[in-house]
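The structure appears right after this line, and notes come after that.
The numbers here are math on the coordinates, done by the rules we state, and not lab data. As the structure is a computational prediction, the values presented were derived from the model and not from experiment. We place every Cβ from the backbone using ideal geometry, glycine too, and count neighbours over all the protein chains shown.
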Amino acid sequence: MPLIVMCGYPCSGKTRRAEELKEHFEKNSERQVHVVGDGALGVDRNSVYEDSQKEKNVRSSLKAEVERKINKDNIVILDSLNYIKGYRYELFCLIKHAQTPHCLVHCLTSAEESSLWNQSRDAAERYSQDIFDALVRRFEAPDSRNRWDSPLFTVLKDDGLPLEAISDALFKRKAPPQNQSTQSQPLSSANFLYELDKITQDVLLAIFNAQKTSVPGDLVSVPGATEKISFYKSVNMAELRKLRRQFISYSKMHPTENTGQIANMFVQYLNKSLH
């Protein structure tokens, strides 16, 4: 059943809103409601968010827990920062594969307001100011024009939750259709992992070289793909490699028999993640 993705600055009220949603759906439906969040993992937030590898591991653990919880009977609420648009796209791919609707609830606050709330917390629950400031700087605000950020419900601190509209978004909408990048196929090709590694590396190299002569707005062809990369900004190799690792991780869980489509699937993923 549906997934609700919470999103917002640190200390913006996400957990409070998640509990409101849980209480509402438990009272008004017969479905189980599961809240998946950082707190359940028992991690120290400052040590996690100062180390990119630890943070990546936590995000992976949360996504895996969401994937385990989603079924025909449950409502799942993901209570975390969810501040990276590429990660929100991965969650979107997950719900497409599970064939269930989702929505995003953005708890919108100013950085100053969230900082004051952070400082008022107990020391054990507080972000250090350096970590807090870094997370605010890195925050990629949701945009309802993106399929993975839609339907989007933006909630200010004094607003009531639009519970009826959220319920309609979850229960009166059809699940998004699967496409080539989210269809799960049985892994029958012994060369799949080799082809996945080689093709994605070739695409990255083509993009990196094309950037030397391209300008924003150009459409660039890459080896093995009929779709083209849309250049909106220059991207360094470190970011490209990060996106490649994310795509490979997802593809290993959901391999395709048609390795000829890997390049197009990777281009689709990059175009969505780089916008």
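General observations
- Order of ASP122, ASP149 - criterion: other Cβ atoms within 10 Å of each residue's Cβ, fewest first: ASP122, ASP149
- Ranked list, fewest to most other Cβ atoms within 10 Å of each Cβ, for THR213, THR109: THR213, THR109
- In the range 192-274, the convex hull through the Cα atoms has an average projected area of 4.8 nm², a quarter of its surface area.
- Exposure proxy ranking for HIS106, HIS254, based on other Cβ atoms within 10 angstrom of each Cβ and starting from the fewest, stands as HIS254, HIS106.
- Approximate spin-label separation ASN46-ALA111, in nm, with each point projected 7 Å along Cα-to-Cβ: 2.0
- Helical mean residue ellipticity (222 nm; -39500 (n - 2.57) per DSSP H run of 4+; nearest 500) of the chain: -15000 deg cm²/dmol
- Across every direction, the projection of the convex hull enclosing the Cα atoms of the chain has a mean area of 15.3 nm².
- Of the trypsin sites (Lys or Arg not before Pro) in the range 9-82, those whose Cβ has at most 13 other Cβ within 10 Å and which sit in DSSP loop: LYS72
- Based on Cα atoms of the range 52-123, Rg over Rh with Rh as the Kirkwood radius reads 1.03.
- Relative contact order for the chain, counting Cα pairs under 8 Å that sit 6 or more residues apart, in percent: 21
- Nearest-0.05 FRET efficiency for LYS228 and GLN99, computed from C-beta distance (R0 30 Å): 0.55
- Neighbour-limited loop hits for GluC sites (Glu not before Pro), the range 1-108 (at most 12 other Cβ within 10 Å; DSSP other than H, G, I, E, B): GLU30
- Taken along its principal axes, the alpha carbon cloud of the range 36-193 reaches lengths of 52, 42, 28 Å, longest axis first.
- For the range 203-275, the set of trypsin sites (Lys or Arg not before Pro) satisfying both a DSSP loop assignment and a count of at most 16 other C-beta atoms within 10 Å is given as LYS212, LYS228, LYS233.
- Filter on LYS96/LYS198; LYS72/LYS172; LYS212/LYS233; LYS72/LYS272 - keep pairs with C-alpha separation over 23 Å: LYS96/LYS198; LYS72/LYS272
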